[in-house]
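Contents: one structure, followed by commentary.
The values are calculated or read from the model by the stated rules, or taken from the named source; none is laboratory data. Not measured: the values here are computed from a predicted model. Cβ placement follows ideal geometry from the backbone for every residue including glycine, while neighbour counts extend to all protein chains displayed.
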Amino acid sequence: MESLNRTALELVDEALEFAGELDIGAHELDNEATVLDFGVEFSGGIEAGLLLAEIQSAGLATVQSHVDEVGGAPIPHVELTSDQPGLALLGAQKTGWEVSVDDYEALGSGPARALVAEETIFDRLGYTDVFEFAVLALESDELPTEAVAEHVADLADVEPGAVFLPTYPTASLVGSVTVAARAPELAAFRLAELGYDPTKLVSVSGAAPVAPIAGDEETALARTNDALAYGGQVHLVVEEDFDRFEELPSTAGEEYGQPFYEIFEAADWDFYDLPADVFAPAQVTVDVVGGPTYALGERDEDLLVESFEL
């Protein structure tokens, strides 16, 4: 399999070439690592968010937008499709790297995770990347420092100057777009967590609404997760049947029906104290090759209307 970081780097080059048109910024740190600003000091936009979602999934997914309705109001939605869902979604796009360096905190996603490959999902995928460049997207409202780049370089076993760090706040248009693109990844990860072999995923498609930009990071975290749990729709094609498909949608969780702001507050904003089934799309269809098709879950537009303040 070709390097995930190599295919992602081609898209990073595209972002650098069209930075002005995308309304994003880029600069080199003193250690020659490259920071791409997708919404901290630059505005970014839907096109920038779509490109970043492609970077996060290492170019193994098609990401596009369309307009649909939430509560009768036209709202942009993001749709992602991949025929290599294990590598694209779990090996690259998944947020699996908690970056904490000095006073800097961020959630890391993207193919640099596959260079480290310490998460158990890489054993299950049977994949470890080897490449001289590393691409890690950072979800943070602050741009990373040299120390952050050196931390990533050390773990990824590359030179600091070979590190590329696209960075975006949750409370930004790029943040809303990239989170909406995660509906398929949530379903794929939830299925793997239930014990399904991730290499048996054939194709995954999904869509979710782009949450209106919140005025602060906490509200944005809650609102974008509402968009997934109450508005996300996913279609899976899988090789084998399974007796736990009904646990895939968010409707299967005990917290279903609560706005995420309340869910996060009850957990003191500690995501790791929350049950895994709270992070799931609202609706999931599972098409078993040569077998049955399961239609599971439902959307809650009333909750989305409240969360989006429509």
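Okay, residues lined up against (1) at pLDDT below 95; (2) within 14 Å of the chain's Cα centre (by Cα):
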residue: PHE189; (1), (2): no, yes
residue: GLU193; (1), (2): no, no
residue: LEU248; (1), (2): no, no
residue: TYR256; (1), (2): yes, no
residue: ASP268; (1), (2): yes, no
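Listed here are the residues, each with its yes/no results for (1) polar (S, T, N, Q); (2) buried (at least 18 other Cβ atoms within 10 Å of the Cβ); (3) over 22 Å from the mean Cα position of the chain (by Cα).
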| site | (1), (2), (3) |
| --- | --- |
| ARG124 | no, no, no |
| PRO144 | no, yes, no |
| ALA147 | no, no, yes |
| GLY161 | no, no, yes |
| PRO169 | no, yes, no |
request  = Check the range 246-253 and report whether any residue there is free of Cβ contacts under 8 Å to residues at least 12 places away in the same chain and either within 30 Å of ASP216 (Cα to Cα) or in contact with a strand residue (DSSP E or B) (Cβ under 8 Å, 6 or more places away or on another chain) (or both).
outcome  = no
request  = Collect the residues in the range 79-126 that are closer than 25 Å to ASP270 by Cα, in a strand (DSSP E or B), out of contact with any helix residue (DSSP H, G or I) (no Cβ under 6 Å at 6 or more places or on another chain) and not polar (S, T, N, Q), keeping them in residue-number order.
outcome  = GLU98, VAL99, GLU105, ALA106, LEU107, GLY108
Filtered residue count, the range 66-107, keeping only those that are polar (S, T, N, Q) and closer than 17 Å to LEU11 by Cβ = 4
key: Tally of residues being assigned to a helix (DSSP H, G or I) and either among the acidic types (Asp, Glu) or surrounded by fewer than 24 Cβ atoms within 10 Å (Cβ to Cβ) (or both) across the range 213-236   = 7
message = Of the conditions (1) more than 25 Å from ALA192 (Cβ to Cβ); (2) in contact (Cβ under 8 Å) with a residue 60 or more places away in the chain, ALA114 satisfies every one except a single condition; which number is it?
response = (1)
query = If you check VAL67, VAL63, VAL40, VAL35, which single one turns out to be among the hydrophobic types (A, V, I, L, M, F, W, C), at pLDDT 95 or above, touching a Pro at 6+ places or on another chain (Cβ under 8 Å) and within 27 Å of GLU301 (Cα to Cα)?
reply = VAL67
Criterion violated by SER43 - all others in (1) more than 17 Å from PRO212 (Cβ to Cβ); (2) in a loop (DSSP other than H, G, I, E, B) satisfied = (1)
message = Anything in the range 261-277 that is farther than 14 Å from ARG223 by Cα and assigned to a helix (DSSP H, G or I)? List them, or say none.
response = ALA266, PHE271, TYR272, ASP273, ALA276, ASP277
inquiry  = Looking for something at pLDDT 95 or above and either basic (Lys, Arg) or in contact with a Cys (Cβ under 6 Å, 6 or more places away or on another chain) (or both) - is there at least one such residue anywhere in the range 6-27?
reply    = yes
inquiry  = I want to confirm something. Restricting to the range 270-310 and keeping residues that are touching an Asp or Glu at 6+ places or on another chain (Cβ under 7 Å) and of a type in the set (A, V, I, L, M, F, W, C), which single residue is surrounded by the most Cβ atoms within 10 Å (Cβ to Cβ)?
reply    = ALA282
query = Do we find that ASP197 is of a type outside the set (A, V, I, L, M, F, W, C), free of Cβ contacts under 8 Å to residues at least 60 places away in the same chain, farther than 15 Å from LEU52 by Cα and surrounded by fewer than 17 Cβ atoms within 10 Å (Cβ to Cβ) in this structure?
reply = no
ask   = In the range 146-169, what residues are within 17 Å of VAL40 (Cβ to Cβ), touching a strand residue (DSSP E or B) at 6+ places or on another chain (Cβ under 6 Å) and outside any helix (DSSP H, G or I)?
value = PHE164, LEU165, PRO166, THR167
